[in-house]
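The values are calculated or read from the model by the stated rules, or taken from the named source; none is laboratory data. Just so it is clear, the structure is predicted and the values come from calculations on it, not from any experiment. Glycine gets a Cβ as well: all are built from the backbone with ideal geometry, and neighbour counts include every protein chain shown. For the accessible areas, the whole protein counts, side chains as well, though only heavy atoms, and no ligand, DNA or RNA atoms are used. Shrake-Rupley method; radii C 1.70, N 1.55, O 1.52, S 1.80 Å.
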Amino acid sequence: AEAAAALRSGKLVVFPTETVYGLGALSRYARSVEKIYDLKGRERTKHLTWHVSNFRFLNLLKLKELRALRYLARKFWPGPLTIVVPAEDGKTYGFRMPDHAIARLLIELCGDPILATSANKSGRLSPVTVEQALEELGGEIELAIDGGPCSVGADSTVADLTERPFRIGRQGPRAGEVRAVLEEIEAGKLAKFKILFVCTGNTCRSPMAQYWLAHEIKKRGFSGQFEVESCGVFAYKNMPATPETQTILRDEGIDMSAHAARPLTQELVKEADQIYTMTGEHERFILHRFPHLSGIVKVLDVEDPIGLSLSVYRDCFSHIRKKLAKEMNFLEDCLL
């Protein structure tokens, strides 16, 4: 909290990550950012990296190569991978989500990403302990957090998505795995874009959304590019959809008689590219366990019709359909 307050007041802070110790500032303080370059003796042409704790900031920017960015992020974040992407305004951004609790908490407390680089003079070894960082820059640093030795201890791998073919901009941890994924992307062999709907029991709202959206995607000719699933935070495994839900979907020409409820699992959440929850409570349930997924979870705001009349179910389905119809352009854009 003290370090976050220092950053919010325009000061520089040294903080730990799993790779190396970073030297960071908030972007709104131009003088602080300039001071980082001066302290390191770093060329102005070399951009600093935006250290993020979730996906909300990325969603605010009009980035290109969004599908590749999200695909890499799902496989390697949080972790030692920096992803460099172009934006529609001609700027270039480098993003990293550290796999370090202190670093992500610091970012959260700041309320903004931290612009950072390794806490050393340019051309020298990156520090893996706070002592090494302070030895390099100590006389000029207002505050440093001692998180112990860095668990990875090497600068992050950089994936450069600014031009085709995509390439490794810097070798680092898991570089071989990253290169293999970049080759998959270039060859058009990306796994299907996974959409997950979450409700409470997985017998009415989320199945309505799952089966209707899958039906709509098929009508638009995108079946081979999307995978649509659903689950419930308190679901009883293999429970069928409610009779009302089956009736409503059958009236739409959609057969969901084979539906079997599934409880929410870590694997389902971590493998999803986009998550839709029925209420804010479901969103909070997910983000309490996976806070870094904030920004890929959207709330549809649909009340539970369980135990009520068929007309209430119909209203519920109509609400879901209208909400998802508005999401189709966004989902199609995610494939670009």
Q | Pairs, first open to solvent by 30 Å² or more (accessible area, probe 1.4 Å) in the range 308-336, second basic (Lys, Arg), C-beta under 7 Å, six or more apart | A | Leu335/Arg67; Leu336/Arg67
Q.
Which of the numbered conditions does Gln246 fail, given that it passes all the others? Conditions: (1) open to solvent by 20 Å² or more (accessible area, probe 1.4 Å); (2) more than 20 Å from Ile306 (Cβ to Cβ); (3) not in a loop (DSSP other than H, G, I, E, B).
A. (2)
Q | Count of residues meeting criterion [in contact (Cβ under 8 Å) with a residue 60 or more places away in the chain, open to solvent by 40 Å² or more (accessible area, probe 1.4 Å) and not acidic (Asp, Glu)] in the range 286-307 | A | 2
Q: Quick one: in the range 1-28, of everything that is hydroxyl-bearing (Ser, Thr, Tyr) and under 27 Å from Arg170 (Cβ atoms), which residue is most open to solvent (accessible area, probe 1.4 Å)?
A: Ser27
Q) Taking the range 183-207 as the region of interest, how many residues are open to solvent by less than 30 Å² (accessible area, probe 1.4 Å) and touching a residue at least 60 places away in the same chain (Cβ under 8 Å)? A) 13
Q) Does Ile217 qualify as being farther than 24 Å from Asp315 by Cα and touching a Ser or Thr at 6+ places or on another chain (Cβ under 8 Å)? A) no
(Q) Of the conditions (1) touching a Lys or Arg at 6+ places or on another chain (Cβ under 8 Å); (2) not in a helix (DSSP H, G or I), Cys316 satisfies every one except a single condition; which number is it? (A) (2)
Q. With respect to the numbered conditions (1) within 16 Å of Thr162 (Cβ to Cβ); (2) at pLDDT 95 or above; (3) in a loop (DSSP other than H, G, I, E, B), which one is the sole condition not fulfilled by Thr45?
A. (2)
